[in-house]
Amino acid sequence: MAAVGIHIAIETIFHGAWDFAHHWEKLGIPWWVVMPWIPALAGLIIGIAVHRWAPGAVGSGIPQTKAAFYNEFWQIPFETAVWRFLLTSVYVGGGNSLGREGPTVHMCAAIASSMGRSFGLAKFRVQAMVPVGVAAGIAAAFNAPISAILFVFEEIMDDFSSKALSGIVIAVVVSEAVARLLIGEDPILHATLGEQHGVHWWMLVAIPLGLSADVIGHFFVGSLLGVRQWCSESLRVPEILKPALGGLLLGVIGTGAFFATGLFGDPQNSVFSIGYDSLELAFESKLVVGAIVILLVAKIIAVIVCYGTKGSGGLFSPTLYFGGMLGALWGIFMVHFCDWAGLNPHEDGSRIVGACVLLGMGAMFAAIIRCPFTSLFIIFEMTGNYSLILPLMVENILAYSLAGWLRKVPIYDSILVQDKVSLRKMPTYQGARDYRHLPVSTIMHYDLISVSASETPAMALARLRDDASQMRRSYPVVDGEAESRSGFLGMVMQHELEEREGAGENITVGEMIADQNVQKITPDTAIRDAAMQMVKGDIRQLPVVSPTDSTRLLGVLT
C-alpha cells in the first residue's frame, strides 16, 4: 500500500504542479516562467527537511538500505518510511528528474524492519525482514514480482538463500495482489511489438546496442559520482539550498527540452519527473531523431544535477529512460537497413524501433544498476513482451561484464564509499578476488581518534580514558587540535604512550615520532598493493591521506 501510495502521490502532485504553472497564464504570466520554480521549491522543502529532521532521506535509498542491512544492526526507524514517502512525493512530484523505485525500496525496508521490532523478533529475524520488505516494494512499484525476488538476491543479499526465499515469495505475492487491486493489472509500460522473427538479425543488433549502452552508462555513473562529490565538498552553497539549486537547474533544462522537442501534449513527454510517457512514445516510434537526442542528453544532465545536489529520488526509472531513448536511436538507424534483413520498412519500421527500445532498456539497466538477471526479467514484466529473450540475454550479460571491467565498484557501493561507509562487512567484498582491483576506500576505517603533537603521553591517555570507546591500538598524530584531520604527522601506538607514561618522561607525542618514517597511501590505492606494503614494512596501521594533500588524513587501513 505504501508503494502504491507513493506512485499515486507523485502522479497527483506533478499534474497539480503542471496545472498550477498554466494557471498563471490567466494573469498574463507564461507557464514556462513559473514552471522552473516549482522543482526549485520542491528542492527547498527537501533541503529544509533533510537538514533538520530526515538526513537519511537523501538519494535513492538503496545504499542506505544496504548499509543498514549489514553495518547498522538492521535498524531502520519507521520515521524513515514516513519521511521517504513525503519527501520523494514532493521532490519527484514537483517535477525533479528522479525515480520512485529506490525510495520505495528504502521506505518498505523501514516498514518491514519496524514491524519485525514491534513484534519482538530476534535480531537475525529482524534482519531477515529487510529483504522481504524490499521485494514487496519492488513488486508493487514495477508490477514485476519475479524481478523483485531476483533484485533482492542480486543487490541486497549478494547470494541466493533458500531459507529467505519463502518469506520473500509470500510478501511479493501479497504485495502484487494488493497493487493490482488498487491500480490495475496493466504493465507499467505498454509495448505492443508482436512476434519478432530473425533471431540471428536481432543478435547482431543487440551487440552494438549493449556496447553503446555501456559507454553511456559508464559516462553517466562517473559524472554523477563526480558532481555529487563536488557538490558535497566544493560547492560553496548552504546545504539547505543545494537541492533547491538543483531543482531550479532542472526546471530550466526541462522547460528548454520541452520547447526544443515540440512535445506539447502530456506534461510527462519531457524530462520532468519520471517520464515513462516519453518511453511509450519511443515504443510507438512517434519520436524523430532530433527529439530523441534532446531528451536523452537533457535527461542525463537533469538526473546528474538532481542526484548530485542531494535530491530525494532513485535511479531505476532514469536508467530505463536512458536505455529506451538509446534503443530508439538504434531502431531508427536499423530501419534504414530493413532490406538487408528482409523486412519492409513501412510495415516493420515501428516494430523494429519498439524492439530496440526494449533491448536498450535492458542493456542500460545491466550497465548501470549491475543486476543482470533483474534487468532481463524486469523488461519482460514491465512491458508484457517476451519475444526478444535471446538477444536480450546476450546484450545484458555483455553490458554487465563490460561495466564491471570499466568500473570495479558498482554505483550504489560507490555512493556508500563517497559517504565514508565501509563495505568490509558486505559479502561482496569478503573474497580474496577483490584484493586485486578494489580501492582501499571500500574497507578503510573513517572514524578516527587522533592525538595532538603538543600533548604529552600522560595528557593524551588521560583524555582517551575518559571515554572507553576512544581507545585504539594506534592513533594518528596531528599538528593542532586532536579532533583535526589536517596537519598529519605520523602514527603512535597505544603501548608506546603507556611505556612513556610509566617511565614518567615529560616529552610530547610530536617529539616521540619526530624520526618516524611515515608510510602513506591514498584512497585509490588497490587493496592488494596496500596489503603488500603493510607486509613488507611490518605495519599494522597504514594511514590513508588525500591524493592532493599528503598532510590531510582521510582514514586508516588496518
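Rundown of residues vs (1) open to solvent by less than 50 Å² (accessible area, probe 1.4 Å); (2) more than 14 Å from His7 (Cβ to Cβ); (3) at pLDDT 85 or above; (4) of a type in the set (S, T, N, Q), yes/no style:
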| residue | (1), (2), (3), (4) |
| --- | --- |
| Ala135 | yes, yes, yes, no |
| Asn143 | yes, no, no, yes |
| Val152 | yes, yes, yes, no |
| Leu182 | no, no, yes, no |
- Can you tell me how many residues in the range 472-504 are in contact with a Leu (Cβ under 9 Å, 6 or more places away or on another chain), under 18 Å from Thr558 (Cα atoms) and modelled with pLDDT of 85 or more? 6
- Query: Can you tell me how many residues in the range 217-254 are in contact with a Lys or Arg (Cβ under 8 Å, 6 or more places away or on another chain), closer than 23 Å to Trp405 by Cα and among the aliphatic types (A, V, I, L, M)?
  - Reply: 1
- Query: Which pairs do you get when a residue that is within 17 Å of Leu315 (Cα to Cα) and touching a residue at least 24 places away in the same chain (Cβ under 8 Å), found in the range 400-415, comes within reach of a residue that is in a helix (DSSP H, G or I) and open to solvent by 50 Å² or more (accessible area, probe 1.4 Å), reach meaning Cβ atoms under 8 angstrom, with the pair 6+ apart or on two chains?
  - Reply: Ala403/His218
- Query: Only one of (1) open to solvent by 10 Å² or more (accessible area, probe 1.4 Å); (2) under 30 Å from Thr551 (Cβ atoms); (3) in contact with a Leu (Cβ under 6 Å, 6 or more places away or on another chain) is not met by Ser469, so which one is it?
  - Reply: (3)
- Item | Count of residues meeting criterion [in a helix (DSSP H, G or I) and either modelled with pLDDT of 90 or more or closer than 17 Å to Glu284 by Cα (or both)] in the range 353-379 | 17
- Note on the structure: Going through (1) assigned to a loop (DSSP other than H, G, I, E, B); (2) surrounded by 22 or more Cβ atoms within 10 Å (Cβ to Cβ); (3) at pLDDT below 85 one by one, Leu263 fails only at (2)
- Query: Mind checking which pairs have a first residue in the range 323-351 that is aromatic (Phe, Trp, Tyr) and a second that is crowded, with 23+ Cβ neighbours inside 10 Å and modelled with pLDDT of 75 or more, Cβ under 6 Å, 6 or more apart or different chains?
  - Reply: Trp330/Leu209; Trp330/Cys356
- Task: Only residues in the range 370-381 that are hydroxyl-bearing (Ser, Thr, Tyr) count as the first member; pair them with residues that are in a helix (DSSP H, G or I) and open to solvent by less than 30 Å² (accessible area, probe 1.4 Å), Cβ under 7 angstrom, at least 6 apart or cross-chain, and list the lot.
- Result: Thr374/Ser147; Thr374/Phe151; Ser375/Gly362; Ser375/Phe365; Ser375/Ala366; Ser375/Asn396
- Query: Which of the residues that make up the range 206-234 are among the polar types (S, T, N, Q) and closer than 18 Å to Ile397 by Cα?
  - Reply: Ser212
- Residue pairs meeting the criteria (Cβ under 6 Å; at least 6 apart or on separate chains; first within 13 Å of Glu101 (Cα to Cα), in the range 1-21; second surrounded by fewer than 18 Cβ atoms within 10 Å (Cβ to Cβ)): Val4/Leu182; Val4/Ile183
- Item | Single unsatisfied condition, Gly502 versus (1) touching a residue at least 12 places away in the same chain (Cβ under 8 Å); (2) in a helix (DSSP H, G or I); (3) open to solvent by less than 80 Å² (accessible area, probe 1.4 Å) | (1)
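The values are calculated or read from the model by the stated rules, or taken from the named source; none is laboratory data. Note that the coordinates shown come from a computational prediction; the quantities given were computed from them, not determined experimentally. Neighbour counts run over all protein chains shown; Cβ positions are idealised from the backbone, glycine included. Remember, those area values only see protein heavy atoms, side chains included, never the ligands or the DNA or RNA. Shrake-Rupley method; radii C 1.70, N 1.55, O 1.52, S 1.80 Å.
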